[in-house]
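**Q** One structure, as structure tokens, below. Some questions next.
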Amino acid sequence: MPILHRFVDRLERADRLDRVADKLAELGRPLSARPALRDALTGRWLGHSVHPMVVAVPIGCWTGAAILDITSPGTGAARRLVGAGVLAAAPAALTGTADWLDTSGAERRVGTAHALANDIAVGAFAMSWLARRRGSNWLGFGLTGLGLGVMGVAGYLGGHLAYARGVGINTTAFQSGPDDWTAVVHSADLEPGVATQVDLDGLALLVVRRGGVVHVLEDRCTHRGAPLSDGEIVDGCIECPWHLSQFDLVDGSVRQGPASIPQPAYETRIVDGSVEIRRAEPGTLRTAPVGAGHGRAS
């Protein structure tokens, strides 16, 4: 196993980090207590997580400052870039915390280490700005180098969370329903106003009959993968049983976070009493996924 993989594996098993995570979660709870603030930070308005976009600002500032330190040492522009990066780190930290609050287990521990590393990096850059302001440019250069090194570690851990553990990605990205009209359930088997899970060749679907209309969404929540069929129907939405996100039953749009990505919705029709569906949206990664066929429901 590569050394970096061993390093992350140890972090994922380090239950001593749970105590630190609990303390950080207490500090971050106000972000989730206000729905409007939580939705703004987690990206319901954007359509996906805000954190990857916001974090580019401090990284760019600090990288630019380091380049100026090499090409034009001692310039005031480098000091200003370091300071701007420190200020820009605040929204990056807030959006990251909002995403992290809904994690648990190994993901929560790695996220905790990611946050602590970023805190150390920001502290180093803040001291670099102060040293530069006092005229200690060489000390400022060294602290910037330290900050960049720690930032690299934090970035690696953040990449592991996103790309290896799937935190913040659409949990339905690689699932796919049928392109052609396919029967999934008999309408007579659906109790009006009740969320029902239907299996279509390994693909879990949420089916709700309201009056003479049947709505079908994918049952796996795009946020953290909860079974939406275990949730409640609230004002024309299905509410996630884990984190209380709400998705419109008609088109899957997010009405309430922390989810930011809409729930895949299917076109529906009723033919001879059978509910038939077909996939409504394109997507090359969803056309031939593992574990989701295009046959009839069981």
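**Q** Just to check, using Stokes-Einstein with a Kirkwood Rh over alpha carbon pairs, what's the diffusion coefficient of the range 1-81 at 25 °C and 0.890 mPa s in µm²/s?
**A** 148
**Q** Any idea of the accessible area per residue across the chain, 1.4 Å probe, to the nearest Å²?
**A** With the other protein chains kept in place, the chain gives 50 Å² per residue.
**Q** Separate question: Convex hull over the Cα atoms of the range 1-135, averaged projected area in nm²?
**A** So the mean shadow area of the Cα hull is 10.3 nm².
**Q** Treating the beta-carbon of each Lys and Arg as +1 and of each Asp and Glu as -1, no other charges, what is the dipole magnitude of the chain about its Cα centre, to the nearest 20 debye?
**A** Here the size comes out at about 1720 debye.
**Q** Also, quick follow-up: Across the chain, where is the longest run that never hits chymotrypsin sites (Phe, Trp or Tyr not before Pro) in a DSSP loop with at most 14 other C-beta atoms within 10 Å?
**A** After excluding every exposed loop site, the longest remaining stretch is 46-180.
**Q** Computing the accessible area with a 1.4 Å probe over protein heavy atoms, can you report the carbon and sulfur percentage for the range 73-160?
**A** 67
**Q** Let me ask something additional. Of 231, 51, 3, which is farthest towards the positive pole of the chain's charge dipole, taken about the Cα centre with +1 and -1 on the beta-carbons of Lys, Arg and Asp, Glu respectively?
**A** Result: 3, furthest along the dipole toward the positive end.
**Q** Could you give me the radius of gyration and the Dmax of the range 192-241, taking only the C-alpha atoms into account and expressing both in angstrom?
**A** 10.3, 31
**Q** Given q = 0.08, 0.09, 0.10, 0.14 Å⁻¹, what are the Debye log10 I(q)/I(0) values for the chain, with equal point scatterers placed on the Cα positions and solvent ignored?
**A** Evaluating at q = 0.08, 0.09, 0.10, 0.14 Å⁻¹ gives log10 I(q)/I(0) of -0.46, -0.56, -0.65, -1.02.
**Q** Any idea what the relative contact order of the chain is, in percent, if you count C-alpha pairs under 8 Å spaced at least 6 apart?
**A** Contact order relative to length: 18 percent.
**Q** Helix-derived [θ] at 222 nm for the chain: sum -39500 (n - 2.57) over DSSP H runs of at least 4, divide by residue count, nearest 500?
**A** Value at 222 nm, helices only: -15000 deg cm²/dmol.
**Q** Compute the distance in nm between two label points, each set 7 Å from the Cα along the Cα-to-Cβ direction, one at residue 179 and one at residue 15.
**A** 4.9
The values are calculated or read from the model by the stated rules, or taken from the named source; none is laboratory data. Only a predicted model underlies this, so the values are computations on that prediction, with no experimental measurement involved. Cβ atoms come from the backbone with ideal geometry, glycine included; neighbour counts cover every protein chain shown. What goes into the accessible areas is simple: the full protein's heavy atoms, side chains included, and nothing from ligands, DNA or RNA. Shrake-Rupley method; radii C 1.70, N 1.55, O 1.52, S 1.80 Å.
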